[in-house]
1. With respect to residue 51, is the statement that it is of a type in the set (Val, Ile, Thr), outside any helix (DSSP H, G or I), surrounded by 11 or more Cβ atoms within 10 Å (Cβ to Cβ) and at pLDDT 75 or above true?
2. So, of the residues in segment 90-108 that are charged (D, E, K, R) and under 17 Å from the mean Cα position of the chain (by Cα), which turns out to be most open to solvent (accessible area, probe 1.4 Å)?
3. I need every pair where a residue in segment 88-108 that is at positive phi has its Cβ under 8 Å from the Cβ of a residue that is among the acidic types (Asp, Glu), sequence separation at least 6 or different chains.
4. Quick one: residue 43 ticks every box in (1) under 30 Å from residue 22 (Cα atoms); (2) of a type outside the set (Lys, Arg); (3) modelled with pLDDT under 75 bar one, so which box is it?
5. What are the residue pairs meeting all of these: first residue in segment 1-29, first residue more than 15 Å from residue 41 (Cα to Cα) and without any contact (Cβ under 8 Å) to a residue 12 or more places away in the chain, second residue open to solvent by less than 70 Å² (accessible area, probe 1.4 Å) and not in a strand (DSSP E or B), Cβ atoms under 6 Å, and 6 or more apart or on different chains?
Amino acid sequence: IIFTMTRGMAIGLCDIMMGQSSGNTRPLETTEISALKEVGNIVSASYLNSVNSMTGMSLLISVPDYNTGGYNQIKDLIISERGESSSSDDVVCVKTEFTQLELKIDGYLLFMPKKIGVDGFIKALGV
């Protein structure tokens, strides 16, 4: 599972977490990257726990990592974590949103279910 957001959104989220006014976090350094990884861990664990409760499936979270790149780099990362190649471009994408007063930060959880695939996962959710 990968938690992703644009660089601008990541900077905005870091500003909120560090108690800074908007636009003060530049560049993303060790502390900010660690905070983003922890947010990714919390959001991913919350999502997977909900899916586990809804479906009875046993989905496990991996250690969070930090990476930058576009869709192809993220897809390659997901595939490499699975330890196999895939000809499918299908991923499950869940949008999440953080808000503070008027500020809205969008993030996305992306994953390719390993054993049952996206179609099997969607069926398990009852969609």
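1. Working: of a type in the set (Val, Ile, Thr): yes; outside any helix (DSSP H, G or I): no; surrounded by 11 or more Cβ atoms within 10 Å (Cβ to Cβ): yes; at pLDDT 75 or above: yes.
In short, no.
2. Going residue by residue through segment 90-108, those that are charged (D, E, K, R) are 90, 95, 97, 102, 104, 106.
Subset that is under 17 Å from the mean Cα position of the chain (by Cα): 90, 95, 97, 104, 106.
Values: 90: 88, 95: 114, 97: 95, 104: 97, 106: 24 Å².
Here the residue is 95.
3. Listed by first residue and then by second, the contacts come to nothing, as the list is empty.
4. Failed condition: (3).
5. Partner pairs satisfying both residue conditions: 15/25; 24/15.
Results for (1) within 20 Å of residue 100 (Cβ to Cβ); (2) under 14 Å from the mean Cα position of the chain (by Cα); (3) of a type in the set (A, V, I, L, M, F, W, C), shown as yes or no for each residue.
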| site | (1), (2), (3) |
| --- | --- |
| 11 | yes, no, yes |
| 21 | yes, no, no |
| 31 | yes, no, no |
| 35 | yes, yes, yes |
| 40 | yes, yes, no |
| 44 | no, yes, no |
| 48 | no, yes, yes |
| 53 | no, no, no |
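The values are calculated or read from the model by the stated rules, or taken from the named source; none is laboratory data. All values derive from a computational prediction rather than experimental measurement. Note that each Cβ is placed from the backbone with ideal geometry, even for glycine, and that neighbours are counted across all protein chains shown. Heavy atoms of the whole protein, side chains included, go into the accessibility calculation; ligands, DNA and RNA do not. Shrake-Rupley method; radii C 1.70, N 1.55, O 1.52, S 1.80 Å.
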